[in-house]
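> Dropping the structure in here first, questions after.
Readers should treat all values here as calculations from the given coordinates under stated rules, not as data from a laboratory. This one's a predicted model, so the numbers in the text were calculated from it and none came from an experiment. Counting neighbours? That spans all protein chains shown, and the Cβs are built from the backbone with ideal geometry, glycine included.
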Amino acid sequence: MMFKSLGMLMLFAGVLITGCRQPQEMADQPSHRPLDGSVFFKDGQASRQLPAGVVARGARDRDPFFYTGKIDGKPLDAFPFAVTMEVLARGQERYDVFCSPCHDRLGTGRGMVVQRGYRQPRSFHIDELRKTPAGLFFEHMTIGFGAMPAYAQQISIRDRWAIAAYIRALQLSRNARIADLTEKDRAKLEEAK
């Protein structure tokens, strides 16, 4: 009986000793510091390139306007990149997907969900919103405003700026004067009559 108990004790101790080695093996895994060499990857580097669209740590500090729409806490009526026809087309496409259900395609605030009982947003064409800085439109898309939820998870930063540019284009188109057009554009307008 004593030998049986001693055998069981030794068996238990053996299992316990071998079981303790497994967590240590995880701690002994090879690791590399950034920019170390490695034979594991074909290019000989241990560090991998960041995937496209990844925001590097500290990048927000380098261009706070692009990420917040503000400089020194004040929203600006400017854009962090050139507003081209491609940017406006992208802004229109994203606006139609995410904004038109409430704001409608013209920006009057009479979208389909409003027609179904959701709270009506203000028209982008009222004086107050025509004077609103583009950075504030960007901020409202990012963190939400009133009944409007935040869209930071659904819409990329660049696309939020494109939407803000498109909103500005909607506002300008609604309140444009012929005198604001170039002579070339006025001539085209006369030809279209």
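> Run lengths n ≥ 4 of DSSP H only: what is the helix-derived mean residue ellipticity at 222 nm for the chain, with -39500 (n - 2.57) per run over all residues, to the nearest 500?
Values: 10 runs with 99 residues, N = 193.
Helix-only estimate at 222 nm: -15000 deg cm²/dmol.
> Give me, ordered by chain and number, the residues 5 or more places off ARG110 or on other chains with an amide H under 5 Å from its own placed amide H.
ASP104
> Next question. Counting only pairs 8 or more places apart or on different chains, how many lysine pairs in the chain have C-alpha atoms closer than 30 Å? All intermediate terms of the calculation are to be shown ahead of the outcome.
Values: LYS70/LYS131; LYS74/LYS131; LYS131/LYS184; LYS131/LYS188; LYS184/LYS193.
So the count works out to 5.
> For semi-axes √(5λ) of the Cα gyration tensor in Å, several values are listed as (i) 61, 24, 15; (ii) 24, 21, 15; (iii) 24, 20, 19; flag the one computed from this structure.
Given (i) 61, 24, 15; (ii) 24, 21, 15; (iii) 24, 20, 19, the calculated one carries the label (i).
> Another question, then. Would you kindly derive the ³J(HN,Hα) couplings of the stretch 96-111 from the backbone phi angles with the Karplus curve 6.51 cos²θ - 1.76 cosθ + 1.60 (θ = phi - 60°), listing them in order in whole Hz, with x for Gly and Pro?
Karplus-based 3J(HN,Hα) across the stretch 96-111 equals 4, 6, 9, 9, 5, x, 9, 8, 6, 5, 9, x, 8, x, 10, x Hz.
> In whole Hz, what ³J(HN,Hα) sequence does the stretch 172-187 give by Karplus (6.51, -1.76, 1.60; θ = phi - 60°), x for Gly and Pro?
Here the 3J(HN,Hα) series is 5, 5, 6, 10, 6, 10, 4, 5, 6, 7, 6, 4, 4, 5, 5, 5 Hz.
> Would you mind getting me the FRET efficiency between ASP127 and HIS32? Use the beta-carbon distance for r and R0 = 45 Å, nearest 0.05. Mind showing how you got there, number by number?
Working: r = 59 Å, r/R0 = 1.32.
According to the calculation, E is roughly 0.15.
> Same structure again: Could you let me know the centre-to-centre spacing of the stretch 99-136 and the stretch 148-193, using Cα atoms, in angstrom?
So the separation of the two Cα centres works out to 15 Å.
> Sequence-distant or interchain residues sharing an amide H contact under 5 Å with GLN45, placed H: which?
Under 5 Å from the amide H of GLN45 lie the amide H atoms of SER38, each far enough along the sequence or on another chain.
> To continue, here is another question. Rounded, prolate or oblate, given the Cα gyration tensor of the stretch 142-193, with a/c below 1.5 counting as rounded? Kindly include the intermediate steps, with their values, before the conclusion.
Numbers: a/c = 4.47, a/b = 2.98, b/c = 1.50.
Because a/c hits 1.5 or more and a/b exceeds b/c, the stretch 142-193 counts as prolate.
> Quick check: net charge around GLU128, other residues with Cβ under 15 Å of its Cβ, Lys/Arg +1 and Asp/Glu -1?
Net of charged neighbours comes to +3.
> Per residue of the stretch 131-138, what does 6.51 cos²θ - 1.76 cosθ + 1.60 with θ = phi - 60° give for ³J(HN,Hα)? Whole Hz please, x for Gly and Pro, Karplus curve as stated.
For the stretch 131-138, the Karplus-derived couplings read 8, 5, x, 4, x, 6, 4, 4 Hz, x marking Gly and Pro.
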